[in-house]
1. Just for the stretch 248-284: of the residues that are at pLDDT below 90 and within 21 Å of Pro174 (Cβ to Cβ), which one is surrounded by the most Cβ atoms within 10 Å (Cβ to Cβ)?
2. In the stretch 225-238, which residues are over 19 Å from Pro100 (Cβ atoms) and either open to solvent by 30 Å² or more (accessible area, probe 1.4 Å) or at pLDDT below 90 (or both)?
3. Output the residues belonging to the stretch 270-307 that are of a type in the set (D, E, K, R), over 19 Å from Gly156 (Cα atoms) and within 20 Å of the chain's Cα centre (by Cα).
4. For the stretch 178-200: of the residues being open to solvent by 30 Å² or more (accessible area, probe 1.4 Å) and among the charged types (D, E, K, R), which is modelled with the lowest pLDDT?
5. So which residues in the stretch 210-224 are in a loop (DSSP other than H, G, I, E, B) and modelled with pLDDT of 90 or more?
6. Just to check your reading of the model, which residue among Ser298, Ser312 is surrounded by 15 or more Cβ atoms within 10 Å (Cβ to Cβ) and either over 28 Å from Pro99 (Cβ atoms) or touching a strand residue (DSSP E or B) at 6+ places or on another chain (Cβ under 6 Å) (or both)?
7. Within the stretch 277-307, how many residues turn out to be more than 19 Å from Ala243 (Cα to Cα) and not small (Gly, Ala, Ser)?
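The values are calculated or read from the model by the stated rules, or taken from the named source; none is laboratory data. Note that the structure is predicted; figures quoted are calculated from it, not measured. As a convention, Cβ positions derive from the backbone with ideal geometry for all residues, glycine included, and neighbour counts pool all protein chains shown. Remember, those area values only see protein heavy atoms, side chains included, never the ligands or the DNA or RNA. Shrake-Rupley method; radii C 1.70, N 1.55, O 1.52, S 1.80 Å.
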Amino acid sequence: MQPRSTEPCGAQRLTASLSPLSTPTETELPAPYGLWMEIASSLPQLIASRQLRSRLHQVPSRIPGVLGQKSMESCKHGKVLPRNLAVPFWEVSQRLGLPPILSHADFVLANWKRKTPGDLSGPRQNLDPIISLPGGESLRGFILVTLLVEKAAVPGIKVLRSRKPAGARVRALPRCCHLSAQPLHREQTDYVDPAVFYSVIRIFLSGWRDNPAMPHGLVYQGVSEEPLAYSGGSAAQSSVLHAFDELLGIRHSAENLPADKAPSAFLHRMRDYMPPPHRAFVEEIQRAPSLRQHVLSSGNGKLCAAFNQCVSALTDFRTHHIAIVTKYITTAAAKAKAGRGEPADGAGPPPGKPPSLLEAKGTGGSHIFRFLKSSLKPSWKEESG
């Protein structure tokens with residue numbers, strides 16, 4: 001039996017949002033929310049001048065809009081997000097089906113615009129973030145290179161949702177998987193300074209779950225009297241690799257770890273941070289008949305070879321990712337300790353000393369190397385009778 005085609009509304013929105021690369025229809029909130037846009041558009045300057053907290057206290061609590069997540073106060077629970085941010089942030093997030101924290105969907109997928117509408121020059125030259133944070137050109141490069149990885153994966157996503165026979169889809173996928181890795185290892189090191197990422201950018205992406213720097217989470221004043229814990233923005237919240245893993249039946253496990261600490265549990269939790277249509281697309285692939293079982297039962301050597309190429313392509317991608325993480329976290333942490341990791345001019349001052357407790361943590365809260373290395377040893381989804 002051939003695996004059925006998967007084409008929920010999420011798939012159409014996922015591919016349409018990035019291919020062709022078209023400017024989001026709205027890049028600013030309407031006039032009544034002008035104060036929100038004014039603050040959001042000036043975040044780097046307000047943070048550098050230490051004026052952000054006072055400006056945020058001026059906004060009313062009943063107007064939902066674009067919100068910053070770094071204005072905190074202390075209380076008996078630890079950290080508090082003030083009511084005038086927490087309540088509208090919570091309400092907007094509930095409508096979007098996303099947790100109330102800066103996620104990959106917020107910071108990358110929905111956070112870009114064309115400098116010149118209609119200009120079809122290279123995406124890196126003609127794109128800018130809509131909302132920025134401290135980090136200067138490195139922050140811009142981080143957002144746009146990550147976006148280019150998503151864009152490069154679009155041909156593979158289109159293969160996943162095509163109605164072609166399974167064999168044709170398997171043979172087309174290896175090239176698409178290799179394409180996904182190209183922007184990552186070609187452009188990341190050109191446009192993102194490791195010292196800026198480690199000392200500045202990473203701090204704003206870290207959340208308050210599995211974060212030893214905020215062990216008690218964050219109180220959302222007016223929403224909950226008890227602290228809430230959410231993971232920070234992470235590439236693990238992208239639906240791209242989740243979709244490929246589900247198609248190929250790949251599972252990620254680690255020896256000597258309880259089930260709730262295994263990489264597969266972390267990845268599954270990251271799906272809660274995807275836009276609902278993206279999450280639905282991944283889950284639809286998960287429910288489909290096994291492509292791997294179809295390939296194995298076909299007895300077709302060329303088909304098996306193409307399937308193995310897909311798995312190898314994903315392994316290569318993750319190997320490159322480990323090299324990048326080594327440069328941007330491990331090596332950068334060592335340089336910061338030695339006083340040799342100062343951010344470049346124009347990046348803005350770091351928001352404080354980089355927390356040593358986060359040295360081995362990804363922005364999503366995972367133990368980064370244990371998680372990434374386990375992903376290089378995929379296991380397979382158990383097949384039902």
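1. In this case the residue turns out to be Leu248.
2. Going through the stretch 225-238, the residues over 19 Å from Pro100 (Cβ atoms) turn out to be 235, 238.
Once the filter is applied, which keeps residues that are over 19 Å from Pro100 (Cβ atoms) and either open to solvent by 30 Å² or more (accessible area, probe 1.4 Å) or at pLDDT below 90 (or both), the stretch 225-238 yields only Ala235.
3. Result: Arg271, Asp272.
4. The residue in question is Arg186.
5. Of everything in the stretch 210-224, those that are in a loop (DSSP other than H, G, I, E, B) and modelled with pLDDT of 90 or more turn out to be Gly217, Gln221, Gly222, Val223, Ser224.
6. Numbers: Ser312 fails: surrounded by 15 or more Cβ atoms within 10 Å (Cβ to Cβ).
Of the residues listed, the single one that is surrounded by 15 or more Cβ atoms within 10 Å (Cβ to Cβ) and either over 28 Å from Pro99 (Cβ atoms) or touching a strand residue (DSSP E or B) at 6+ places or on another chain (Cβ under 6 Å) (or both) is Ser298.
7. First, pick out the residues of the stretch 277-307 that are more than 19 Å from Ala243 (Cα to Cα): 296-305.
Next, only the ones that are not small (Gly, Ala, Ser) stay: 296, 300, 302-304.
Number of matching residues: 5.
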